[in-house]
Structures are given as C-alpha cells and as structure tokens.
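The values are calculated or read from the model by the stated rules, or taken from the named source; none is laboratory data. This one's a predicted model, so the numbers in the text were calculated from it and none came from an experiment. All Cβ positions, glycine included, derive from the backbone under ideal geometry; neighbour counts span all protein chains shown.
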Amino acid sequence: MSHNENVEERTEVAAADQEVRREMRPRTRRSFLVGAAAALLGYGGWRWLKTSAEDVDGIPWPLRRSHEFNEHLARNYFSTARLAPTFPRHLANLPRANGDIGLDVEDFESAEWRLEVVNLTDSAKEEIEPSLSLGLEDIKALPRVEEVTELKCIEGWSQVVHWAGARFSDLADKYQLATRSGAPFDVENKATDLVPYVSLETPDGVYYVGLDIESALHPQTLLCYEMDGEPLTLEHGAPLRLYVPVKYGIKSLKRIGRITFTNKRPFDYWAERGYDWYSGH
C-alpha cells in the first residue's frame, strides 16, 4: 500500500469515527435522561411504599396485599392429597442450623421440657391454661413416621433431609382436636368443622409461627425428634421441632413449647417483619 493510500484510509476511518460520535451523542444524553427518570420513579415508588398512610400489621399495604393475593392463589390449589416429592435416603444430609431465635443452646435442659397444648381459643395470643402437658415419650408413643423430603429455605437454598417423628395429624387425632360444632374430631370426613388455625411457639415465646389447619394436618407434616437417623441437636430444635414440607423453612419452628388451636389467625414472627404469612411453595 502506498503512502497516499495509507493516509486516505486513515482519513476515512477518522471520518467514520466522527460520524459515529455525532450519532451516539444524542443517544447517550437520551439514555442518561431515561436512566435518571427511572431512578427518580424508583425512588419515588420506594418513598411511597415507606410513607404509605395505611399499613397492614405494620407493613405497607401494597406489599401486604400482594402477599394476600399469593396466599389466595396458593390456598385455592392446596390439597392434602398433593404430597411433597420424596427422595432416596442416600441423598439426605443435615441442613444448615439456620436461625437460633428462641433457642438457648447453653442452658436448656431437655429433661425438663414439656409440650403444652391449648385445644381451642378464640384469641390469637392470650394466656390460657393448656389442655395438655406432654413429654417426649408421649410424642414417641404416636405412630413413628420417617420421610426423606426437601427442606426449602426462603433464602433460596434447599436440602434433602431424612426426618423421623410423629404426624401432627396423629397428635390431633389421639388427643381429639376441638371442633367448631363440638362433634368428635375427624380429619378425613369433617375438615370444614375444624378450627382454622394453629399457633406454635418456643418455650420462651420469643419465636412463634401461625399455620392454616390444612397445612398443619397435611400427612407429611411432622413433629420431629430425629434428623439423619439421630436425635435432634439443640441447634436443630431438640427435643422436638416442626417440619412442614409444603411451607418454607421459616414455618418449621424449632423446639416447640406450646401448640394452640385457635379460631383467629395467629401472630407470626416473620409475617410481622414483612414476609408472607402463608409462606407456601
């Protein structure tokens, strides 16, 4: 290539670059303006949510209403016949010991633990004398059930776990959960006669969850006293914890101290902090 041809090529490239810059300049300004407007709208929307005049349970109403819509959909397709997937035993392992709210792993005495059961109340949370006081031996006297299912954390991780314990429904059946009509408890044939909610809390009352009765009586919902073939550790909720395979892990309360069957929707620790009360998946 001659010197003149080389100079001519560089001139053409420079002219092309300059044309590209002329075309990109207004686009860049437009992109900046669009981005700034989007940021302002996003900030404005966030401020609107934070300062919304009407809160529901302390949560801005748009967020709470979206949770309620999700719950409505989930409850419509829920069925006790729909079982969570099960897995081979060799795939199971201990999950993370996530969360220690309501757990005292240093001074807790398992031998002194009792499970209190309040059979029926019209209040979401009030001091009522328990109808039953059970020990771990009472839970172990119920039919033993083992299952290998997946614990799903609302943080996004999951773990296949080997669980062992008693069905929650067997506890309700043996000790005759109260019904609205006063007729004998029958989970199979008179589900509409059952009280609609269950409240569970740790012995100190610091951590508490609320469940719809359908999920509590799901055939895979367990009162667990073993994981991975061994008794529960304190970090995993010894001596007795809940496991609800149709819910995220925030509902599977560790170290149950009290169970209350109630006509009113119970308080829930994480729902009070902006999470979905229903928390199904």
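Given the structure, is Arg114 charged (D, E, K, R) and at pLDDT 95 or above?
Values: charged (D, E, K, R): yes; at pLDDT 95 or above: yes.
Yes.
In the same structural domain as Lys152 (by TED's automatic domain parsing), touching a helix residue (DSSP H, G or I) at 6+ places or on another chain (Cβ under 8 Å) and basic (Lys, Arg): is that true of Lys174 in this structure? Spell out how you get there, then give the answer.
Values: in the same structural domain as Lys152 (by TED's automatic domain parsing): yes; touching a helix residue (DSSP H, G or I) at 6+ places or on another chain (Cβ under 8 Å): no; basic (Lys, Arg): yes.
It is false that Lys174 is in the same structural domain as Lys152 (by TED's automatic domain parsing), touching a helix residue (DSSP H, G or I) at 6+ places or on another chain (Cβ under 8 Å) and basic (Lys, Arg).
Being part of a loop (DSSP other than H, G, I, E, B) and modelled with pLDDT of 95 or more is the filter here; which residues of region 117-144 pass it?
Let us first name the residues in region 117-144 that are part of a loop (DSSP other than H, G, I, E, B), namely 122-131, 135, 141-143.
Gly135, Ala141, Leu142, Pro143, listed by residue number.
Which number in (1) over 19 Å from Ile139 (Cα atoms); (2) not in a loop (DSSP other than H, G, I, E, B) marks the one condition that Glu188 misses?
With respect to (1) over 19 Å from Ile139 (Cα atoms); (2) not in a loop (DSSP other than H, G, I, E, B), Glu188 is out only on (2).
Checking the condition part of a loop (DSSP other than H, G, I, E, B) and under 24 Å from the mean Cα position of the chain (by Cα), which residue from Gly156, Gly165 passes?
On the way: Gly165 fails: part of a loop (DSSP other than H, G, I, E, B).
Selected residue: Gly156, the only one of Gly156, Gly165 that is part of a loop (DSSP other than H, G, I, E, B) and under 24 Å from the mean Cα position of the chain (by Cα).
With respect to Thr192, determine if the residue is surrounded by fewer than 22 Cβ atoms within 10 Å (Cβ to Cβ), in contact with an Asp or Glu (Cβ under 9 Å, 6 or more places away or on another chain), without any contact (Cβ under 8 Å) to a residue 24 or more places away in the chain and among the β-branched types (Val, Ile, Thr). Write out each step before concluding.
Values: surrounded by fewer than 22 Cβ atoms within 10 Å (Cβ to Cβ): yes; in contact with an Asp or Glu (Cβ under 9 Å, 6 or more places away or on another chain): no; without any contact (Cβ under 8 Å) to a residue 24 or more places away in the chain: yes; among the β-branched types (Val, Ile, Thr): yes.
No.
Looking at region 251-281, which of the residues that are part of a loop (DSSP other than H, G, I, E, B) and aromatic (Phe, Trp, Tyr) is surrounded by the most Cβ atoms within 10 Å (Cβ to Cβ)? Please lay out each step first, then the result.
Of the residues in region 251-281, the ones part of a loop (DSSP other than H, G, I, E, B) are 252-257, 263-270, 274-279, 281.
With aromatic (Phe, Trp, Tyr) added as a condition, the list becomes 267, 269-270, 275, 277-278.
Details: Phe267: 16, Tyr269: 18, Trp270: 18, Tyr275: 17, Trp277: 22, Tyr278: 24.
Out of the qualifying residues, it is Tyr278.
Of the conditions (1) hydrophobic (A, V, I, L, M, F, W, C); (2) modelled with pLDDT of 95 or more; (3) buried (at least 16 other Cβ atoms within 10 Å of the Cβ), Ile154 fails just one. Which one is it?
(2)
Exactly one condition in (1) crowded, with 19+ Cβ neighbours inside 10 Å; (2) touching a helix residue (DSSP H, G or I) at 6+ places or on another chain (Cβ under 7 Å); (3) assigned by TED's automatic domain parsing to the domain that holds Gln159 is false for Pro219; which is it?
With (1) crowded, with 19+ Cβ neighbours inside 10 Å; (2) touching a helix residue (DSSP H, G or I) at 6+ places or on another chain (Cβ under 7 Å); (3) assigned by TED's automatic domain parsing to the domain that holds Gln159 applied to Pro219, the lone miss is (1).
Test of understanding: among Ala166, Ala183, which residue is touching a Pro at 6+ places or on another chain (Cβ under 8 Å), aliphatic (A, V, I, L, M) and more than 15 Å from Thr80 (Cα to Cα)?
Working: Ala183 fails: touching a Pro at 6+ places or on another chain (Cβ under 8 Å).
It is Ala166.
Tell me, please, whether a residue that is at pLDDT 95 or above, more than 19 Å from Arg114 (Cβ to Cβ) and basic (Lys, Arg) can be found in region 258-275.
No, because not a single residue in region 258-275 is at pLDDT 95 or above, more than 19 Å from Arg114 (Cβ to Cβ) and basic (Lys, Arg).
Given the criterion at pLDDT 90 or above, among the aliphatic types (A, V, I, L, M) and assigned to a loop (DSSP other than H, G, I, E, B), identify the matching residue among Val198, Val206.
Values: Val198 fails: assigned to a loop (DSSP other than H, G, I, E, B).
After ruling out the rest, the residue left standing is Val206.
Out of curiosity, is Leu151 assigned by TED's automatic domain parsing to the domain that holds Asp107, touching a Ser or Thr at 6+ places or on another chain (Cβ under 7 Å) and part of a strand (DSSP E or B)?
Numbers: assigned by TED's automatic domain parsing to the domain that holds Asp107: yes; touching a Ser or Thr at 6+ places or on another chain (Cβ under 7 Å): yes; part of a strand (DSSP E or B): yes.
Spelling it out, Leu151 is indeed assigned by TED's automatic domain parsing to the domain that holds Asp107, touching a Ser or Thr at 6+ places or on another chain (Cβ under 7 Å) and part of a strand (DSSP E or B).
Which of (1) crowded, with 20+ Cβ neighbours inside 10 Å; (2) of a type outside the set (Val, Ile, Thr); (3) modelled with pLDDT of 95 or more is the odd one out, the single condition Gly229 does not satisfy?
(1)
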